Amino acid sequence: MKGLILALGAVCLFASCTSDINTSQDETIEGVTQTSTYTKGGDAKTSSTVTQLYSFEGSASGWSISSPGSGPWSVTEWSSQGSKSLKANVNLSNPKSYVLNIVNNENFSDYSSLSVTVKHASWGNHGSGTFAKLYAKTGSSWNWHDSGPVLITSGSGTTITLDLSGVSNTGSIKEIGVQFLIAGNASGSSAVYIDDVVLENNAPPAVTPVTPNYNNDTYSILNILANLPSKSNNRVVSGQFLGYSGFAFNAGLIQTVHDWTDQYPGIVGMDIANGGDASRDYLEVFNYSNNGSLVNHWNSGGLIAISHHFPNPLRQNGKAGLDPTGRETSSNISNMLYGPNSNNPDKQRWFDGLWKVYEALLDLQQQGITVIYRPLHEMNGDWFWYGGLGTSARPNSSVQDYKNMWDSIFNYMTTSKGPGYPALNNLIWVYSPDYGRSKVTDYYVANQVDIVSLDAYLDNPHSNSTLLNRYNQMLGLGKPFAFAEIGPRNDRTDGQFDFNNWINAMKNRFGQTTFFMAWDAQWAPTNNQGSWGLYNSYNWSLNRGEESLR
């Protein structure tokens with residue numbers, strides 16, 4: 001075969017041209033084509049987003065063709081979409097390289113494929129057939145990538161697609177084009193046509209929440225979070241913990257973050273059980289009196305996260321407390337979860353505590369709020385009563401004991417308790433071990449977890465090898481990933497920690513991160529260095545009000 005090239009120059013993709021709307025309208029003025037975006041497939045769970053680069057409805061859009069070809073022109077002789085296409089005349093008897101191009105640096109990294117529809121005219125002798133390749137040249141070396149040859153005809157048009165997942169340097173597209181391959185026995189004059197040059201971003205597989213009968217916002221939020229790593233910017237939702245409801249809670253921290261950074265956190269977190277206060281009665285430490293601040297943040301477009309430092313129900317003095325007592329054995333935990341209801345104070349305390357948590361979450365559900373819910377965190381450490389089960393720190397216990405407690409919480413929250421007390425359908429479940437201890441995946445309950453995460457307090461997230469190893473272990477679980485707690489090391493809370501280290505690490509090492517939650521008080525970014533960078537550098541963080549989070 002002999003070669004004929006009709007090159008399609010890369011175009012500017014205006015940021016304002018792409019949006020989640022259903023449209024196929026392309027507005028063209030002389031020399032300028034404005035891209036339009038539309039949904040293909042109809043079902044948001046399986047559809048793709050198509051960005052049309054060229055439709056040639058008004059003109060050749062500023063393209064020029066090299067000699068000896070003639071044209072190009074916007075014509076009505078044929079079109080694959082709209083009423084016009086781009087036509088160039090070619091000589092089949094003496095083919096040369098016909099190039100139509102605009103050389104420019106463009107970024108196709110947000111897209112999965114490039115397509116064009118092509119055909120040739122019915123006149124002229126095309127011999128044993130004309131083939132076409134769609135190609136892209138990328139990077140400083142202008143490396144060639146193509147779709148492979150596809151036979152085209154004079155019929156209704158053939159769509160050729162280049163899979164961009166196999167193309168290097170899609171962030172630096174130098175040229176895109178169609179190479180027409182003319183048969184050696186072809187002769188005479190003819191024409192080639194191109195139309196509907198589009199980029200497509202196939203929607204990733206939908207993520208189904210583990211909460212039975214989940215509501216629409218729960219589904220939407222989980223899928224928005226899961227898809228963030230595929231974006232080129234605004235891809236990690238920023239988060240700020242506000243404290244313990246009713247005890248040490250600082251709603252003003254939301255505004256403080258804005259005062260320091262010009263941004264509001266995308267997520268705010270609250271703890272509804274100050275279980276470490278061993279001076280208080282067991283049930284006294286459960287509190288959701290500050291739910292109103294969360295509602296205000298939600299109504300302003302933000303997301304909500306709830307955790308709890310669940311007090312130890314195996315303590316026998318009626319007081320709260322997070323420390324182990326020595327009673328954390330498989331036998332006692334089994335009795336707490338499954339033992340008789342009567343004369344069983346351990347079980348009574350466990351389920352009384354769950355009721356308090358349920359009330360707090362139900363209050364938010366009744367106000368239409370989805371909760372990113374993180375129970376029994378840092379279970380692979382030995383500082384909490386439920387932690388370190390199945391290790392030497394907790395003899396006569398097992399990893400399964402923790403899984404049974406998680407299962408008990410999951411079933412309690414997702415089961416109706418009678419009229420007026422429905423099953424919760426507003427929960428996104430987060431599994432959150434501590435990065436500094438091993439066994440980060442051992443306690444994981446796959447069918448009851450939506451997001452996996454790590455709690456990480458350290459000075460060097462951008463270079464710490466242990467953190468990177470734990471992160472990769474968590475990714476192996478196949479769920480969206482987050483940093484559920486971040487901050488400086490406990491012995492470095494002198495206000496000198498630089499949170500630029502965290503945003504650099506999330507950009508350069510932990511690219512699958514969907515959100516982070518900075519802790520409060522002396523660990524807070526606004527009480528350290530680099531808070532501006534955490535919320536603004538590289539346009540990496542997604543803050544409240546920048547895009548829809550649900």
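The values are calculated or read from the model by the stated rules, or taken from the named source; none is laboratory data. Keep in mind that what you see is a predicted model, and the values were worked out from it rather than measured. Using ideal geometry, Cβ is built from the backbone for each residue, glycine included, and neighbour counts are taken over all protein chains shown.
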Seminar exercise, completed: Only unsatisfied item for N490, checking (1) more than 21 Å from S438 (Cβ to Cβ); (2) in contact (Cβ under 8 Å) with a residue 24 or more places away in the chain; (3) more than 22 Å from the chain's Cα centre (by Cα), is (1)
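If I filter the range 162-175 for residues that are in contact with a helix residue (DSSP H, G or I) (Cβ under 7 Å, 6 or more places away or on another chain), β-branched (V, I, T), outside any strand (DSSP E or B) and more than 21 Å from S61 (Cβ to Cβ), do I get at least one hit?
For the range 162-175, residues in contact with a helix residue (DSSP H, G or I) (Cβ under 7 Å, 6 or more places away or on another chain), β-branched (V, I, T), outside any strand (DSSP E or B) and more than 21 Å from S61 (Cβ to Cβ): present.
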Problem set entry | Matching residues in the range 321-346 - criterion: being outside any loop (DSSP other than H, G, I, E, B) and β-branched (V, I, T) | I333
Exercise. Do you know which residues across the range 210-227 are without any contact (Cβ under 8 Å) to a residue 40 or more places away in the chain and surrounded by fewer than 16 Cβ atoms within 10 Å (Cβ to Cβ)?
Worked result: N216
Exercise. Among the residues of the range 148-165, which ones are under 29 Å from the mean Cα position of the chain (by Cα) and either surrounded by 20 or more Cβ atoms within 10 Å (Cβ to Cβ) or under 17 Å from V197 (Cα atoms) (or both)?
Worked result: T161, L162, D163, L164
For this session: Go through the range 527-541 and count every residue that is in contact with a helix residue (DSSP H, G or I) (Cβ under 7 Å, 6 or more places away or on another chain) and closer than 24 Å to A226 by Cα.
Result: 8
Exercise. Do we find that S279 is of a type outside the set (D, E, K, R), surrounded by fewer than 16 Cβ atoms within 10 Å (Cβ to Cβ) and modelled with pLDDT of 95 or more in this structure?
Worked result: yes
Exercise. Pick from the range 284-307 the residues that are buried (at least 22 other Cβ atoms within 10 Å of the Cβ) and β-branched (V, I, T): which of them is farthest from the chain's Cα centre (by Cα)?
Worked result: V285
Problem set entry | Odd one out for Y219, checked against (1) of a type in the set (F, W, Y); (2) under 28 Å from W383 (Cβ atoms); (3) outside the structural domain of I372 (by TED's automatic domain parsing) | (2)
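Is it fair to say A320 is in contact (Cβ under 8 Å) with a residue 60 or more places away in the chain, among the small types (G, A, S) and buried (at least 24 other Cβ atoms within 10 Å of the Cβ)?
no
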Seminar exercise, completed: Residue count, the range 277-300, condition over 15 Å from Y358 (Cα atoms) and in contact with a Lys or Arg (Cβ under 6 Å, 6 or more places away or on another chain), comes to 2
Problem set entry | Residues satisfying the stated conditions in the range 444-469, i.e. touching a residue at least 60 places away in the same chain (Cβ under 8 Å) and crowded, with 19+ Cβ neighbours inside 10 Å | V449, D450, I451, S453, D455, Y457
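Restricting attention to the range 341-361, and to residues there that are acidic (D, E) and over 35 Å from the mean Cα position of the chain (by Cα), which single residue is nearest to L427 (Cα to Cα)?
Of the range 341-361, the ones acidic (D, E) are 346, 352, 359.
If we keep only those that are over 35 Å from the mean Cα position of the chain (by Cα) too, we end up with 346, 352.
On the way: D346: 26, D352: 20 Å.
In this case the residue turns out to be D352.
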For this session: Return yes when Y244 is touching a residue at least 40 places away in the same chain (Cβ under 8 Å) and touching an Asp or Glu at 6+ places or on another chain (Cβ under 6 Å) and no when it is not.
Result: yes
Problem set entry | Condition met for W540 (of a type in the set (F, W, Y), surrounded by fewer than 18 Cβ atoms within 10 Å (Cβ to Cβ) and within 27 Å of D259 (Cβ to Cβ)) | no
For this session: Kindly indicate the residue of the range 472-522 that is under 27 Å from F247 (Cβ atoms) and among the aliphatic types (A, V, I, L, M) and also surrounded by the fewest Cβ atoms within 10 Å (Cβ to Cβ) among those meeting that condition.
Result: A521
Exercise. Which one is modelled with the lowest pLDDT among residues in the range 102-134 that are buried (at least 17 other Cβ atoms within 10 Å of the Cβ) and more than 25 Å from E77 (Cβ to Cβ)?
Worked result: D110
For this session: Could you list, in sequence order, all residues of the range 421-442 that are part of a loop (DSSP other than H, G, I, E, B), buried (at least 24 other Cβ atoms within 10 Å of the Cβ) and not hydrophobic (A, V, I, L, M, F, W, C)?
Result: N426, S432, P433, Y435
Problem set entry | Looking only at the range 201-229, and only at residues there that are outside any loop (DSSP other than H, G, I, E, B) and touching a Leu at 6+ places or on another chain (Cβ under 8 Å), the one that is nearest to A423 (Cα to Cα) | T218
For this session: Quick one: count up the residues across the range 189-207 that are at pLDDT 90 or above and touching an Asp or Glu at 6+ places or on another chain (Cβ under 9 Å).
Result: 4
Exercise. Restricting attention to the range 382-394, does a residue exist that is outside any loop (DSSP other than H, G, I, E, B), more than 25 Å from the chain's Cα centre (by Cα) and surrounded by fewer than 20 Cβ atoms within 10 Å (Cβ to Cβ)?
Worked result: no
Seminar exercise, completed: In the range 309-332, anything touching a His at 6+ places or on another chain (Cβ under 9 Å) and either among the acidic types (D, E) or under 20 Å from D363 (Cβ atoms) (or both) is listed as H309
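Could you say which residue among T391, T441 is in the same structural domain as S334 (by TED's automatic domain parsing) and without any contact (Cβ under 8 Å) to a residue 40 or more places away in the chain?
From the options T391, T441, the qualifying one is T441.
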